[in-house]
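The values are calculated or read from the model by the stated rules, or taken from the named source; none is laboratory data. For clarity, every value in this text was computed on a predicted model and none was experimentally measured. Heads up, the Cβs are rebuilt from the backbone with ideal geometry, glycines too, and the neighbour counts pull from every protein chain shown.
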Amino acid sequence: MSTLILGLVLFLGIHSVRIFADGARSRFIARHGAGAWKGVYSLLSGLGLAAIVWGYAAARAEPLQLWAAIPGMRHLAGLLVLLAFILMAAAYVPGNGLKARLHHPMLLSVKLWALAHVLARPTLAALLLFGGFLLWSVLAFRAARQRDRAAGTVYASGRAGPTVVTVLVGAAAWYGFVFWVHGAWLGIRPLG
């Protein structure tokens, strides 16, 4: 479990710099350059991600159940993850209405993905992993909205065509991941 926790501290820690120390980040970039920041960011993210994967795999081998599985949670989680995939697509499809309305759909995607997994996986390791990402995404979303307000950021309005493409791409990616990739990659078939 300690490897999982270390990975979360490294990965979510470096991803939280804009939340808690944006000024220090800006000073580092001014002093050392954007390339140096990206190097440190990538190194710590990579190390953290590796530790998360390794630590969670080890914890899954001997799970500590926190509560009894609630009937129907897998299906609710599947629906939440579908919405998360659509929001993730919204972060990348230009001109869609979801991004125009929500402004930071990737962070909302992480929120839904993490919440779905907290509901569906009642183990200590899952609570640490997905609960950590849930807490981070809530704080990151709030910080991003505060930066938008401070900068007076205005988002372009969305159009119907790109919004439909966003929903279709997100739904197709969800379908492929849930019914093929998740089981092959992680050994768990969420809805199968």
Please find, within the stretch 1-37, the residue that is farthest from Ala150 (Cα to Cα) out of those that are surrounded by 12 or more Cβ atoms within 10 Å (Cβ to Cβ) and basic (Lys, Arg).
Arg25
Is it the case, given these coordinates, that Phe85 is in contact with a Ser or Thr (Cβ under 9 Å, 6 or more places away or on another chain), within 26 Å of Asp148 (Cα to Cα), not acidic (Asp, Glu) and not assigned by TED's automatic domain parsing to the domain that holds Ala140?
no
Tally up the residues in the stretch 47-72 that are surrounded by 13 or more Cβ atoms within 10 Å (Cβ to Cβ) and free of Cβ contacts under 8 Å to residues at least 12 places away in the same chain, please.
1
Sort out which residues of the stretch 146-170 are more than 22 Å from the chain's Cα centre (by Cα) and either outside any loop (DSSP other than H, G, I, E, B) or surrounded by 13 or more Cβ atoms within 10 Å (Cβ to Cβ) (or both), and write them in order of number.
Arg149, Ala150, Ala151, Gly158, Arg159, Ala160, Gly161, Pro162, Val164
Please enumerate the residues belonging to the stretch 171-192 that are in a helix (DSSP H, G or I), within 18 Å of Arg60 (Cα to Cα) and either over 19 Å from the mean Cα position of the chain (by Cα) or at pLDDT 80 or above (or both).
His182, Gly183, Ala184, Trp185
Based on this model, can you work out whether Ala50 counts as assigned to a helix (DSSP H, G or I), among the small types (Gly, Ala, Ser) and within 20 Å of the chain's Cα centre (by Cα)?
yes
Does the stretch 124-145 hold any residues that are surrounded by fewer than 18 Cβ atoms within 10 Å (Cβ to Cβ) and not small (Gly, Ala, Ser), and which are they?
Leu124, Leu127, Leu135, Val138, Leu139, Arg142, Arg145
Can you find a residue in the stretch 50-65 that is of a type in the set (Ser, Thr, Tyr) and outside the structural domain of Leu191 (by TED's automatic domain parsing)?
yes
